[in-house]
Ligand code: SAH
């Protein structure tokens with residue numbers, strides 16, 4: 001079981017697989033007023049940066065589940081590196097349908113809401129692991145500017161304009177499902193650059209090390225096209241944020 005190989009190549013050097021910087025991740029942890037011993041579940045935990053740094057900085061304990069073998073391995077190494085391996089556990093597996101045995105204080109899915117068919121389905125999944133009064137974290141894209149055409153939406157690698165909402169409407173959609181939005185931390189264009197532009201150097205180095213790999217042409221084409229595509233579309237039109245929700 002694994003995710004498509006292209007992600008394990010282009011994001012192999014990322015600690016955070018989202019348009020967030022370490023500073024924004026720390027801001028989010030501080031904003032949530034996390035206390036020592038807070039139990040966190042993270043579905044689609046990637047390389048574990050959120051759990052590991054929050055364990056180090058705020059004393060949280062928790063579990064992450066991710067389908068990438070590489071990212072899960074990196075998460076375990078990161079936990080050891082930060083001295084928090086006794087506080088956090090990383091499981092390689094499918095997070096779709098995952099419900100924890102013990103209820104948690106914070107249940108998160110940060111940038112992997114397709115695991116339950118979108119943000120609302122993922123909220124319903126996370127709610128099953130959450131203690132009463134706990135916080136759900138959802139990381140999700142939104143339109144910073146509404147694309148003028150469907151072609152522009154596709155330039156952002158969305159299937160259609162209707163895939164995402166403008167920020168006020170995304171926030172309203174949480175309300176319609178009976179959740180208060182109690183905090184949020186948003187990406188900005190600089191933090192988007194850290195996510196997207198970091199892939200380019202990784203791809204370039206990978207191409208130099210793997211010229212004969214069957215993926216070399218795909219990676220070459222992507223490296224050639226991505227900077228311009230990203231600057232023209234994603235960087236201008238797509239926003240991203242992590243939203244903290246509590247049921248009303
Ligand atoms: N939350 C992490 C990773 C976000 S990227 C971070 O912010 O860094 C999306 C992650 O979802 C990737 O790590 C990918 O491996 C993982 N993923 C994709 N499908 C999955 C599934 N069905 N179950 C668990 N993880 C999945």
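Read the figures in this text as sums done on the coordinates, not as results from a lab. A quick note: this is a predicted structure, and the numbers were derived from the prediction, not measured. No Cβ is skipped: glycine too gets one built from the backbone with ideal geometry, and neighbour counts run over all protein chains shown.
So here's what we get for this one:
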{"item": "Förster-model FRET efficiency, 51 Å R0, residue 217 and residue 131, C-beta, rounded to 0.05", "result": "0.55"}
{"item": "Value of relative contact order over the chain, rounded to a whole percent, pairs C-alpha under 8 Å and six or more apart", "result": "22 percent"}
{"item": "Where a label projected 7 Å from the Cα of residue 120 along Cα→Cβ would reach, residues of region 151-170 with amide N under 17 Å", "result": "162-170"}
{"item": "Gain upon complete extension [residue 150, residue 201; 0.36 nm per residue less C-alpha separation]", "result": "15.4 nm"}
{"item": "Per-pair calculated FRET efficiency, R0 = 35 Å: residue 99 and residue 183 via Cβ, rounded to 0.05", "result": "0.90"}
{"item": "Ranked 174, 215, 20, criterion: other C-beta atoms within 10 Å, fewest first", "result": "215, 174, 20"}
{"item": "Linear extension gain, residue 229 paired with residue 167, 0.36 nm per residue minus alpha-carbon span", "result": "20.1 nm"}
{"item": "Spatial separation of Cα centroids for region 116-162 and region 35-51, in angstrom", "result": "19 Å"}
{"item": "Distance cut-off 29 Å, percentage of C-alpha pairs in the chain lying past it", "result": "28 percent"}
{"item": "Anisotropy class of region 79-220 from Cα gyration tensor, a/c 1.5 cut", "result": "oblate"}
{"item": "Relative contact order of region 111-190, pairs being alpha-carbon contacts under 8 Å that are 6 or more residues apart, as %", "result": "22 percent"}
{"item": "Residue among 137, 70, 82 with the largest mean-square fluctuation in a Gaussian network model of the chain, springs linking Cα atoms under 10 Å", "result": "82"}
{"item": "Per-residue [θ]222 nm for the chain (sum of -39500 (n - 2.57) over DSSP H runs n ≥ 4, rounded to 500)", "result": "-12000 deg cm²/dmol"}
